[in-house]
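What follows is a short report on a single structure.
The values are calculated or read from the model by the stated rules, or taken from the named source; none is laboratory data. A quick note: this is a predicted structure, and the numbers were derived from the prediction, not measured. Note: ideal-geometry Cβ built from the backbone for every residue, glycine included; neighbour counts use all protein chains shown. Quick note on the areas: whole protein, heavy atoms, side chains included, nothing else; ligands and nucleic acids left out. Shrake-Rupley method; radii C 1.70, N 1.55, O 1.52, S 1.80 Å.
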Amino acid sequence: MQPSRYENLTAAQAIAYQHELRRQIDLTPLNKPIQTIGGADISFNKYSEVVYAGIVLFNYPELKVIGTATAISKTKFPYISGLLAFREVPALVEAWNKLEIKPDLMVLDGQGIAHERRTGIATHFGLITNTPAIGSAKSRLTGRYDEPGNKPFDQSPMYDNGEVIGIALRSKINCNPIYISPGHRVSMGQSVDIIKNCIRGYRIPEPIRQAHLLVNKIRIEDGDNNNRQINLFDYNHRLPY
DNA sequence: GCGACAG
DNA sequence: ATCTTGTCGC
């Protein structure tokens, strides 16, 4: 199935495809040393079908930026919890195809196997690009866990159906944890170790943080002004008139 | 039926 | 996700 055709799928068909992808997941430990790593993210205006995708490449473990790639695309697939990949992966793959050199591993903003069908966006992206990938989410989708301690790198396993599907990691003191899970071709332990090395003073791991800054930048540069939106703040200030 | 629900 | 200011806590 080509990502460019995802928007033609119904939710039921997308779920059927996830069941198909699930069988192909490989969580064998990555045996090759990591020299390059990439972070990916998407930005968009909620009143527009335009999505801005970006990937930032770094050398590893230093995390010095060595390249970027972006793509401005459109999607009609709505955001549906559990089907995020069908909305965001097409644009990400467009950016991916523009990369001169592909990284040894990718970090995606969302879940890996910490998903009801074990097919979060990191797993999905890793499978269709045949690239080791890790999911790092800012909130939980599924799974039960005890709140990790409040010290940096305190962690707590996430369970679903008796299996460990991810790790809630305290990336920064006094901040909510982030949720780490392997996506494809990397183990649970390696995923946590790699993400820990990508934490550089902020709650969000550097690859994703930089990708987020990049996509927001290109969205503003593209002139997001044309996509009119009335938020509560503006609305209240216009009431007198 | 009810509550939960990545971005 | 995205909009925006102020404010609280470390």
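To keep it simple, each residue is scored yes or no on (1) under 28 Å from A:LYS74 (Cβ atoms); (2) open to solvent by 60 Å² or more (accessible area, probe 1.4 Å); (3) at pLDDT 95 or above; (4) of a type in the set (Gly, Ala, Ser).
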residue	(1), (2), (3), (4)
A:PRO3	yes, no, yes, no
A:TYR6	yes, no, yes, no
A:TYR17	yes, no, yes, no
A:GLU20	yes, yes, yes, no
A:ARG23	no, yes, yes, no
A:ILE34	no, no, yes, no
A:GLY39	yes, no, yes, yes
A:LYS46	yes, yes, no, no
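What do you reckon, is A:ARG200 touching a helix residue (DSSP H, G or I) at 6+ places or on another chain (Cβ under 7 Å) and more than 13 Å from DNA strand B (Cβ to nearest atom)?
Yes; evaluated as a whole, the condition is true for this residue.
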Taking the stretch A:201-217 and the residues there that are crowded, with 21+ Cβ neighbours inside 10 Å and within 10 Å of DNA strand C (Cβ to nearest atom), the one that is farthest from A:ARG170 (Cα to Cα) would be A:VAL215
The residue from A:GLU49, A:GLU94 that alone is of a type in the set (D, E, K, R) and away from DNA strand C (no atom under 16 Å from the Cβ) is A:GLU94
> Can we say A:GLY54 is within 16 Å of DNA strand B (Cβ to nearest atom) and part of a strand (DSSP E or B)?
Replying inline: yes
Of the residues in the stretch A:88-109 that are in contact with a helix residue (DSSP H, G or I) (Cβ under 8 Å, 6 or more places away or on another chain) and open to solvent by 10 Å² or more (accessible area, probe 1.4 Å), the one that is nearest to A:GLY135 (Cα to Cα) is A:ASP109
Considering residues that are more than 22 Å from A:THR68 (Cβ to Cβ) and part of a helix (DSSP H, G or I), the number found within the stretch A:182-207 is 7
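How many of the residues making up the stretch A:112-126 are touching a Ser or Thr at 6+ places or on another chain (Cβ under 6 Å) and buried (at least 24 other Cβ atoms within 10 Å of the Cβ)?
Adding up the residues that qualify gives 3.
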- For A:ALA85, are the conditions met, namely being within 23 Å of A:PRO182 (Cα to Cα), crowded, with 24+ Cβ neighbours inside 10 Å and within 15 Å of DNA strand C (Cβ to nearest atom)? yes
Here, strands (runs of 3 or more DSSP E) confined to the stretch A:62-162 with at least 3 residues that are more than 25 Å from A:ASP193 (Cβ to Cβ) and in contact (Cβ under 8 Å) with a residue 24 or more places away in the chain are A:65-74
Exercise. Can you find even one residue in the stretch A:132-151 that is β-branched (Val, Ile, Thr), over 16 Å from the mean Cα position of the chain (by Cα) and under 26 Å from A:GLY82 (Cα atoms)?
Worked result: no
Going through the stretch A:165-185 in order, the residues found to be among the β-branched types (Val, Ile, Thr) and either within 15 Å of DNA strand C (Cβ to nearest atom) or touching a helix residue (DSSP H, G or I) at 6+ places or on another chain (Cβ under 6 Å) (or both) are A:ILE167, A:ILE173, A:ILE178, A:ILE180
